[in-house]
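First up is the structure itself, then whatever we jot down about it.
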Amino acid sequence: MSAHKNDAVTHMSMNLAEKILAHAARRDSVRPGEIVSCHVDLAMMHDSSGPRRIAPKLEELGVDVWDPGKIVIITDHFVGETDTHSIQIQELTRQWASRRTLGGYHEAQGICHVVLPERGHLRPGMFVVGGDSHSTTGGAFGCFMTGIGATDMAGVLATGTIWMRVPETLRVRVNGVLGPGVAAKDIILFLCRSIGINGAGYMAAEYTGSGVDAMTMDERMVLANMAVELGAKCGIVAADDTTRDWLAAAGVSVDDMDRWQSDDDAAVAREITIDAAGLAPQVAAPHSPENSAAVDVHAGTAIDQAYIGACTGAKLDDLHMVARVVDGKRVADGVRFFVAPASVRITRQAEEDGTLAKLRAAGASILESRCGACIGLGAARLGAGEVGISSSSRNFQGRMGDSASSTYLSSPYTVAASAIAGCIADPREYL
Amino acid sequence: VSASGRAWVYGDDINTDLLAPAAHLKGSMEILARHCLEDLDKDFASSVHEGDVFVAGNNLGIGSSREQAPQALQILGIRALLAKSYGRIFYRNALNLGLTTLVCPHSDRIHMGDELRVDAAAGKVHNLTTGETLTCEPLPGHLLEMMSDGGLIPHLKKKLNAR
């Protein structure tokens, strides 16, 4: 698979993921399969996997954090919950954060994967770890960002380093432009079916091609976010002018973008090509994202609830998709329609540009910005025997409510069309 | 020998929501562990014994980064995991907790209730019920060392003290 030889080449072709890991390992180059010790540029935690889990481990080690300025905490899991456990977790997290001069502490401002870039913490070329599996989202900004568990995080906080096996690269080339009513979510659900739920296990999924070039940052974030559903270590999109402009608006200036690109002749383990123009809206049936099929396979399935939310499917672009479908229409009788914008800032933007007014007029209830129903919490939790359709990323049994509930996954367009129809529906008929 | 006990055998795609249901994540680990796998096998948590071995097919532990998933198995007494493949974060989490975690390409030759002896260093699983010995993929040296130290924290403690 590898074309590299031990001859005297001064320049070794590398994929973007390899370049970032080589830099993090303070090496000139790395090869897939090597195990390297990487210096962490940024460590992100939330309230569930953060201080309440790592503080006792740091105590056991007898050390404090290696560099508080490289740690960001964003609370999103149990915020807004009123039980004793949740309140104690918020207090513990707040106190731990207040005793250190952290790079950032964002309490109840929205879901960590969306708030992190929004507040200017990411830039191309960074090696970032997050205490949550959907940390792959950060790869949309040309970073290598991966999810780790609490003990690994404690190790990072104590030493500033972590071992990584350099991943092979799966190149996903998206050619052409998506049709009306079709979104990045449909691409990733299609991929979950084509290569399977762990089909990119241990790999870096790099998205490229004219279809990705044409995407907004919000859409690229969906591809990176659900790379973990393919089993990937990271999902990555090399930075371009779209990235630079988005980051500039977040207060981050980028001047080394050219350095963080895959070499044209770098070897990849596998390449998949997707024809964007020919892709239909996709719907993943219970209880796995890989149970996806074109929307017509499931069209007509009755639903009790439609949910727009989570780090995957409630950014400003997602809310705009919903507004385009529901504007001037009403949610079907007997269907609950919930919208939980991914961040407080997005909620404000959608309020100011009139999007939320359109959603409310259609019968949507606007919820707080937190993980909410995607982790089975809050008003949109599904009851026994109920069927929901959701713009989030996982529909494992019991995840979004009772173990006897069922969740279908789709794009925001399809969730919105289904809310109006009262059953799973093709959004292209509602635009 | 890393583990010696009965096999609990399940199939593919045992995800972290099944192992550590989100509804119980806020409270104590002991209570969470009682709900481990309840949506798949309601008797599992109450029937596991110290030293037992958890056996699965492909993609064990896919999903969330929640370390409570392997930790719940460990609290119940599970001392080794055998699967054809793992969700990568779960794999790291399990090893970080000092749980013997081996890639076992022929895990489907093990049946529910078989008596197993797992030797992590040798990468062998002895099935005392069938008389068969299964070979697992060898663990990279640094992981075997970390696992032998009891997980990442004891391993780091040793290294920090040695400075």
Any residue in the stretch A:106-127 that is at pLDDT 95 or above, within 25 Å of residue B:140 (Cα to Cα) and either more than 14 Å from chain B (Cβ to nearest Cβ) or under 19 Å from the mean Cα position of the chain (by Cα) (or both)?
yes
Residue match in the stretch A:259-274 (condition: over 26 Å from residue A:178 (Cα atoms) and part of a helix (DSSP H, G or I))
yes
Give the number of residues within the stretch A:139-157 that are closer than 9 Å to residue A:57 by Cβ and among the β-branched types (Val, Ile, Thr).
1
How many of the residues in the stretch A:163-192 are open to solvent by 10 Å² or more (accessible area, probe 1.4 Å) and within 14 Å of chain B (Cβ to nearest Cβ)?
3
Test each condition in (1) open to solvent by less than 40 Å² (accessible area, probe 1.4 Å); (2) touching a strand residue (DSSP E or B) at 6+ places or on another chain (Cβ under 9 Å) for residue A:243 and report the one that comes out false.
(2)
Specify which of the listed residues (A:158, A:150, A:154) is more than 22 Å from residue A:247 (Cα to Cα), small (Gly, Ala, Ser), within 12 Å of another protein chain (Cβ to nearest Cβ) and surrounded by fewer than 24 Cβ atoms within 10 Å (Cβ to Cβ).
A:158
Which of (1) within 11 Å of the chain's Cα centre (by Cα); (2) within 14 Å of chain A (Cβ to nearest Cβ); (3) buried (at least 21 other Cβ atoms within 10 Å of the Cβ) does residue B:54 not meet, given it meets every other one?
(2)
Applying the selection to the stretch A:402-412, what residues are within 21 Å of the chain's Cα centre (by Cα) and open to solvent by less than 20 Å² (accessible area, probe 1.4 Å)?
A:407, A:409, A:410, A:411, A:412
Within the stretch A:385-412, can you find the residues that are hydroxyl-bearing (Ser, Thr, Tyr) and away from chain B (no Cβ under 14 Å)?
A:390, A:391, A:408, A:410, A:411
Here are the criteria: (1) within 18 Å of residue B:9 (Cα to Cα); (2) open to solvent by less than 30 Å² (accessible area, probe 1.4 Å). Tell me which single one residue B:35 does not satisfy.
(2)
Considering only the stretch A:223-238, I want to know if a residue exists there that is among the polar types (S, T, N, Q), in contact with a helix residue (DSSP H, G or I) (Cβ under 9 Å, 6 or more places away or on another chain) and open to solvent by 20 Å² or more (accessible area, probe 1.4 Å).
no
Given the condition closer than 26 Å to residue A:136 by Cα and not aromatic (Phe, Trp, Tyr), answer yes or no: does some residue in the stretch B:29-47 qualify?
no
Among the numbered conditions (1) of a type outside the set (Ser, Thr, Tyr); (2) within 13 Å of chain A (Cβ to nearest Cβ); (3) open to solvent by less than 20 Å² (accessible area, probe 1.4 Å), tell me where residue B:84 comes up short.
(3)
Any hit, the stretch A:343-361, residues being modelled with pLDDT of 95 or more and within 14 Å of chain B (Cβ to nearest Cβ):
no
In the stretch A:109-133, what count of residues is obtained for those that are assigned to a loop (DSSP other than H, G, I, E, B) and under 20 Å from residue B:87 (Cα atoms)?
2
Considering the stretch A:202-217, residues that are farther than 18 Å from residue A:262 by Cα and open to solvent by 20 Å² or more (accessible area, probe 1.4 Å), and then whichever is modelled with the lowest pLDDT, we arrive at A:202
Given (1) more than 14 Å from chain A (Cβ to nearest Cβ); (2) in contact with a His (Cβ under 7 Å, 6 or more places away or on another chain); (3) open to solvent by less than 40 Å² (accessible area, probe 1.4 Å), where does residue B:27 come up short, assuming only one miss?
(1)
Of the residues in the stretch A:269-319, those that are of a type in the set (Asp, Glu), surrounded by 18 or more Cβ atoms within 10 Å (Cβ to Cβ) and closer than 20 Å to residue A:380 by Cα come to A:318
Hey, any hits in the stretch A:35-58 for a residue that's within 13 Å of chain B (Cβ to nearest Cβ), under 22 Å from residue A:371 (Cβ atoms) and β-branched (Val, Ile, Thr)?
yes
Criterion: open to solvent by 30 Å² or more (accessible area, probe 1.4 Å) and over 18 Å from residue B:136 (Cβ atoms) - qualifying residue of B:65, B:47
B:47
Can you find even one residue in the stretch A:100-119 that is basic (Lys, Arg), under 24 Å from residue A:159 (Cα atoms) and open to solvent by 10 Å² or more (accessible area, probe 1.4 Å)?
yes
If I filter the stretch B:143-163 down to residues being surrounded by fewer than 16 Cβ atoms within 10 Å (Cβ to Cβ) and touching a helix residue (DSSP H, G or I) at 6+ places or on another chain (Cβ under 8 Å), which single residue comes out as nearest to the other protein chains (Cβ to nearest Cβ)?
B:160
If you go through the stretch B:104-126 one residue at a time, do you hit one that is out of contact with any Cys (no Cβ under 6 Å at 6 or more places or on another chain), in a loop (DSSP other than H, G, I, E, B) and within 11 Å of another protein chain (Cβ to nearest Cβ)?
no
Of the residues in the stretch A:348-365, those that are open to solvent by 50 Å² or more (accessible area, probe 1.4 Å) and under 19 Å from residue A:332 (Cα atoms) number 5
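The values are calculated or read from the model by the stated rules, or taken from the named source; none is laboratory data. From a predicted model like this one, the values you see are computed outputs, not experimental measurements. Virtual Cβ from ideal backbone geometry, glycine too; neighbours counted across all protein chains shown. Heavy atoms of the whole protein, side chains included, go into the accessibility calculation; ligands, DNA and RNA do not. Shrake-Rupley method; radii C 1.70, N 1.55, O 1.52, S 1.80 Å.
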